[in-house]
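Have a look at the structure below before the remarks.
The values are calculated or read from the model by the stated rules, or taken from the named source; none is laboratory data. Note that this is a predicted model, so its numbers are computed, not measured. Neighbour counts are summed over all protein chains in view; Cβ atoms, including those assigned to glycine, are modelled from backbone coordinates with ideal geometry. In case anyone asks, the SASA skips ligands and DNA or RNA and just uses the protein heavy atoms, side chains included. Shrake-Rupley method; radii C 1.70, N 1.55, O 1.52, S 1.80 Å.
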Amino acid sequence: MKKKLIYFFSAQIIIILVMLLTTKRIDLEAYTNVSFYIGGLVTFIGLVTYVVSGGFFDLYASGSRKFFTRKHLKDEIVNMRLPSEVFSFSPKPLFALGLSILACTCIALLFYYG
């Protein structure tokens, strides 16, 4: 729980820094825009990690390796790792962080339009 809060507050600091670098002001509209972009990016990275680590591209990767490899290098294909073996971490923390940033965006939108 403590680690999640550290990640969340670090993301909020990054949002404020990006907001200052891009818009040079601190207001609710700029926060909403920047937090939406960053939250969407983190959530998208979590989704890509989930899809690749689930083995969705393994068949395509092994098939394209077999098709595009020369005959004398066919033995090396067996030793190559599949894309699902490359990602050794869980995408759940990225989902949690991205969705919490997007929740803060929704709360900021409620204040902005309320």
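Here are a few things to note about the model shown:
- Partners for residue 71 among lysines (Cα-Cα distance below 27 Å; same-chain residues under 8 apart left out): none
- Shown is the FRET efficiency for residue 113 and residue 17, computed with R0 = 22 Å from the Cβ-Cβ distance and rounded to the nearest 0.05: 0.30.
- A simple count of charges around residue 93, restricted to other residues whose Cβ falls under 12 Å of its Cβ and scoring Lys, Arg +1 and Asp, Glu -1, yields +3.
- Note on residue 89 and residue 59: their simple-model spin labels are 3.0 nm apart, each label 7 Å out from Cα toward Cβ.
- Unit charges at the beta carbon, dipole of the range 66-114: most positive-side option, 109, 72, 98: 72
- Per residue, the chain exposes 76 Å² of solvent-accessible protein surface, assessed with a 1.4 angstrom probe and all protein chains in place.
- This model, with +1 at the C-beta of Lys and Arg and -1 at the C-beta of Asp and Glu, gives the range 1-99 a dipole about its Cα centre of some 240 debye.
- Read-out percent of Cα pairs over 26 Å apart, derived from the coordinates shown; its label in (1) 17; (2) 41; (3) 9: (2)
- Helical contribution to [θ] at 222 nm, DSSP H n ≥ 4, -39,500 (n - 2.57), averaged over the chain, rounded to 500: -26000 deg cm²/dmol
- Carbon + sulfur, % of accessible area of the chain - ligands and nucleic acids excluded, 1.4 Å: 71 percent
- Most mobile of 44, 56, 68 in a GNM of the chain (Cα contacts under 10 Å): 68
- For the pair residue 7 and residue 74, a Förster radius of 35 Å applied to the C-beta separation gives a FRET efficiency near 0.20, rounded to the nearest 0.05.
- Note on the chain: GNM, Cα springs under 10 Å; of 46, 63, 55, the largest mean-square fluctuation is that of 63.
- Computed over the chain with a Gaussian network model linking Cα atoms closer than 10 Å, the most mobile of 17, 82, 73 is 73.
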